[in-house]
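Engineer: Let me give you the structure first, and then I'll get to my questions.
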């Protein structure tokens, strides 16, 4: 999937195309494949053995203002094209379970396609 735009705007445009073309499971796969292609395997091996010590909260990333959610205006795209595949990629590739929690206050009642 290619966008005619560059940078972050191109990412948002490509994500919008993916959300229309693929179901949520396929969306997750597309993003994970893209992340794998973007990060070379030797780099991932450097952090494979890392551990998170301390309290449970150390594996939670609180995102007070989700730029992706703000730009796409769609909770479904945020969940299926950013949050879930990123969590899976980090867990499977880096061996660190993680939960990303974007602020629901930003787009609390916003639906896709409005």
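Engineer: Specify which of the listed residues (91, 65) is modelled with pLDDT of 80 or more and either closer than 20 Å to residue 39 by Cα or out of contact with any strand residue (DSSP E or B) (no Cβ under 7 Å at 6 or more places or on another chain) (or both).
Structural biologist: Answer to the selection: 91.
Engineer: Inspect all residues belonging to the range 11-33 and state whether any of them is over 15 Å from the mean Cα position of the chain (by Cα), at pLDDT below 75 and loosely packed, with under 14 Cβ neighbours inside 10 Å.
Structural biologist: no
Engineer: I'd like the full set of residues that are farther than 10 Å from residue 80 by Cβ and not in a helix (DSSP H, G or I), limited to the range 2-33.
Structural biologist: Within the range 2-33, 2, 3, 4, 5, 6 meet the criteria.
The values are calculated or read from the model by the stated rules, or taken from the named source; none is laboratory data. Predicted model, so just to flag it, every value in this text is computed and none were measured. Note that each Cβ is placed from the backbone with ideal geometry, even for glycine, and that neighbours are counted across all protein chains shown.
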